[in-house]
Amino acid sequence: MSDTSRRPRKPGKPYRRPQKDPVRLLAFEALRAVDERDAYANLVLPPLLRKAREQGDFDGRDAALATELVYGTLRRQGTYDAVIAACVDRPLREVDPPVLDVLSLGAHQLLGTRIPSHAAVSASVELARVVLGDGRAKFVNAVLRKVAQHDLDGWLERVAPPYDDDPEDHLAVVHSHPRWVVSALWDSLGGGRAGIEELLAADNERPEVTLVARPGRATAEELLREDAAEPGRWSPYAVRLTEGGEPGAVDAVREGRAGVQDEGSQLVALALAGAPLEGRDERWLDGCAGPGGKAALLAALAAERGATLLASEKQPHRAGLVANALRGNPGPYQVIAADGTRPPWRPGSFDRVLMDVPCTGLGALRRRPEARWRRRPEDLDGFAPLQRGLLRSALESVRVGGVVGYATCSPHLAETRAVVADVLKQFPETELVDARPLLPGVPDLGEGPDVQLWPHVHGTDAMYLAVIRRVG
C-alpha cells in the first residue's frame, strides 16, 4: 500500500485551506434556497439566522450584514446580471447558478455596499473556494476584478440603454425590475418619468417593520414603549420599528396580541369596517383570510361593535394560520376551510365582506424582491378567473345594503380596475362607494372612487381597494 502522504508536492505556493466566513456562507445558502426551491427570502432567512445565533456563529452585526447581502442581492439582481454579463465571455444562462449567486453576492458588495473593493473580492473568492472549489474560484476572481473597475453609476452608464432610446429598458436596468413590470407599473401610475422612477426606487428600499396592535388585546401605546418604535403614519393601530427592530422580541407579538402587518393592509381592513351601512351590522366575512393579518384586525373591530367575523380560507394549512392569528380575540369568531368561489354559506348572509384576492404580489416587491423575477405576464391570465370569481361570490354573499371590499396587493390594472369593472357589469344593482373618506388623513388618493396606495407616496405596500355596496 502506497503512502500518499509522502508524495512530493508540486513546486509553488503551499496549499491553503479556504477560510469559512459564516456570514457569506449563510447568505449564499439563502440565495440557493431562493433559486433552487422557489423559496422566499423572508421565510428562508429567519430560521437560518436563528440557527447561526444558537450555534454561537453570529452576533447582531453579522445578522444585519447577512440580511443586507441577501436582500440587496435579490433587489438588484437585474442590474448585477447586466454588469456581470458585460464581464464574462459567455451568455449568463451558461454560467452555473451557484457560480452566478457567488458573483451576484460579490457584485452587491462591490457596487451596493461600503465594503472596500479588495475585501469584497477576496471574501467572495474565499466563499467560492469553499462552495465551488479552487477552479471556479479563479473564474470568480477574474470576473469580480473586472466588476471592481467601475462604481455603480459608471456601470449603469455602460450597460443601461439611454433613456431617450428605450425608456422602459433603461428603467429596467437602472432600477432592477423586469421590463414588463416597469411597463405595467407605469400604466398604473398614469405616466410621467418622476413618478415611475420614485416608485421603482422605493421598491428597492428596505421596508420598515410595521406592527399592528389588535384592539382589545394590545394598544399602540404599549408597543411604543419598545426601543426604536414610532407611531404609524396613517393607522391608529400601527407602530413602526425603526433601526431594524426584531418583532419576535416584542412581548405582545410573541403572545399574539399584536402582529406584523403592513400599514396598507391595516388601512384596507379599517376602510371596510368604516364603510357606511344601511341596516344591521352583525355578521362580517373575510373570504380569503390567509394568513390572517386582516382577519385578526377585522375580528377585533367586529368585537367592539358586538359583531361576529367568519374567516374563510381555502387552504387548510393557511386556515390554521388564521386560527392562530385570531386566538384570543375578545369577541366571537369562526374560522373555516372553504373555497370562496363555492361558499358553504347562503347568499346574502353578511353585512360586510372583505375579499383580498390572490394576485401577482407586485405591490409588495419591497418585502419579496425575488417575486419580480418569478412572475411572468402570463400569470395575470391565471389569476384573472379566480379574482373575478371571488368578487362575484363576495357580491352574492353580502345582503342588500351591505358592503364589499375588493382588495389586492397589486397595482396592475388587470388585477384591480379591470376586475371590478368586468364583475360589476354582471351586478347592475351595485354602486361603487368613494373609498377615499374611509382612509382619513391619508393624502394623494387620486380621483376615486377606488383607492391605490403606493410605496413612494404612502410608505405602504401598493394595496388596492374598491368598496362596493349592494343596492338591490
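The values are calculated or read from the model by the stated rules, or taken from the named source; none is laboratory data. Predicted model, so just to flag it, every value in this text is computed and none were measured. For neighbour counting, all protein chains shown are included, and Cβ atoms are generated from backbone atoms with ideal geometry for every residue, glycine included. These area figures cover heavy atoms from the full protein model, side chains too; ligands, DNA and RNA do not enter into them. Shrake-Rupley method; radii C 1.70, N 1.55, O 1.52, S 1.80 Å.
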Notebook entry, point to check: Can you tell me the accessible area per residue over the chain, all protein chains present, probe 1.4 angstrom, in square angstrom?
Noted result: 46 Å²
Check: So, by mean Cβ neighbours within 10 angstrom, what's the order for 322-329, 277-284 with the highest one leading?
Finding: 322-329, 277-284
Notebook entry, point to check: Sorted by packing (mean other beta-carbon atoms within 10 Å per residue), highest first, where do 371-380, 232-241, 412-421 land?
Noted result: 232-241, 412-421, 371-380
Next item on the list: For helix 134-147, report the angle its Cα long axis makes with the longest principal axis of the Cα atoms of the chain; keep it between 0 and 90° and round to the nearest 10°.
Entry: 70 degrees
Margin query: Using a Cα-Cα cut-off of under 14 Å, which aspartates and glutamates could be cross-linked to Lys314, ignoring same-chain neighbours fewer than 8 residues away?
Written below: Asp286, Asp339, Asp356
Note to self: Which of the three applies to region 350-472, rounded, prolate or oblate, going by the alpha-carbon gyration tensor with a ≥ b ≥ c and a/c under 1.5 meaning rounded?
What the structure shows: oblate
Note to self: Considering only C-alpha atoms, what is the centroid distance from region 289-319 to region 23-40, in Å?
What the structure shows: 33 Å
Next item on the list: Place a label point 7 angstrom from the Cα of Glu255 along the Cα-to-Cβ direction, then list the residues of region 292-320 whose backbone nitrogen is under 18 Å away.
Entry: 297, 300
Item checked: Förster radius 30 Å - calculated FRET efficiency between Glu36 and Glu447 (Cβ-Cβ, nearest 0.05) -> 0.10
Next item on the list: Mind putting a number on the dipole of region 414-472 about its Cα centre? Charges go on the C-beta only, +1 for Lys and Arg and -1 for Asp and Glu, and I need it in Debye to the nearest 20.
Entry: 140 debye
Checklist line | Net dipole in debye of region 197-241 [+1 Lys, Arg Cβ; -1 Asp, Glu Cβ; about Cα centre; nearest 20] | finding: 340 debye
Next item on the list: Determine, for each peptide in 103-111, 208-216, 177-185, the mean count of other beta carbons within 10 angstrom over its residues, then list the peptides with the highest first.
Entry: 103-111, 208-216, 177-185
Margin query: Using the Cα centre of the chain as origin and beta-carbon charges of +1 (Lys, Arg) and -1 (Asp, Glu), tell me which of Ala86, Val423, Pro161 is placed farthest towards the positive end of the dipole.
Written below: Ala86
Next item on the list: Go ahead and run the numbers for FRET between Arg342 and Thr113, Cβ-Cβ distance against an R0 of 60 Å, rounding to 0.05.
Entry: 0.75
Notebook entry, point to check: Of the accessible area of the chain, with the probe set at 1.4 angstrom, what percent is carbon plus sulfur?
Noted result: 49 percent
Margin query: Counting just the Cα atoms, what span does the chain cover along each of its three principal axes? Round to the nearest Å and put the largest first.
Written below: 91, 53, 45
Note to self: Can you tell me the orientation of helix 60-75 relative to the chain, as the angle in degrees between its alpha-carbon axis and the longest Cα principal axis, to the nearest 10?
What the structure shows: 80 degrees
Checklist line | Charged-residue dipole, Cβ positions (Lys, Arg, Asp, Glu), the chain about Cα centre, Debye nearest 20 | finding: 1860 debye
Notebook entry, point to check: Could you give the length gained on full extension between Ala228 and Arg93, defined as 0.36 nm per residue of separation minus the Cα-Cα distance, in nm?
Noted result: 44.2 nm
Margin query: I'd like the orientation of helix 179-189 relative to the chain: the angle between its Cα long axis and the longest Cα principal axis, in ° from 0 to 90, rounded to 10.
Written below: 30 degrees
Checklist line | Pairwise label distance in nanometres, Asn141 with Arg53, each label 7 Å out on the Cα-Cβ vector | finding: 3.7 nm
Check: What aspartates and glutamates could a cross-link reach from Lys20, if we take a straight Cα to Cα line under 20 Å and drop same-chain neighbours fewer than 8 places away?
Finding: Glu29, Glu54, Asp57, Asp59, Asp62, Glu68, Asp101, Glu126, Asp134
Next item on the list: Calculate, for Gln334 and Arg305, the FRET efficiency according to 1/(1 + (r/R0)^6) with r their C-beta to C-beta distance and R0 22 Å; round to the nearest 0.05.
Entry: 0.85
Item checked: Span from the region 374-413 Cα centroid across to the region 138-157 one, whole angstrom -> 45 Å
Checklist line | Positive-end extreme of charge dipole, region 305-460 - chosen from Ala414, Thr341, Val403 (charges on Cβ) | finding: Thr341
Item checked: Separation in nanometres of the label points that stand 7 Å from Cα toward Cβ, at Leu43 and Asp434 -> 4.2 nm
Next item on the list: Only bridges with both residues in the chain count here: give the DSSP antiparallel percent, nearest 5.
Entry: 55 percent
Next item on the list: Please give, to one decimal in nm, the separation of the simple spin-label points placed at His317 and Arg206, each 7 Å out from Cα toward the Cβ.
Entry: 2.9 nm
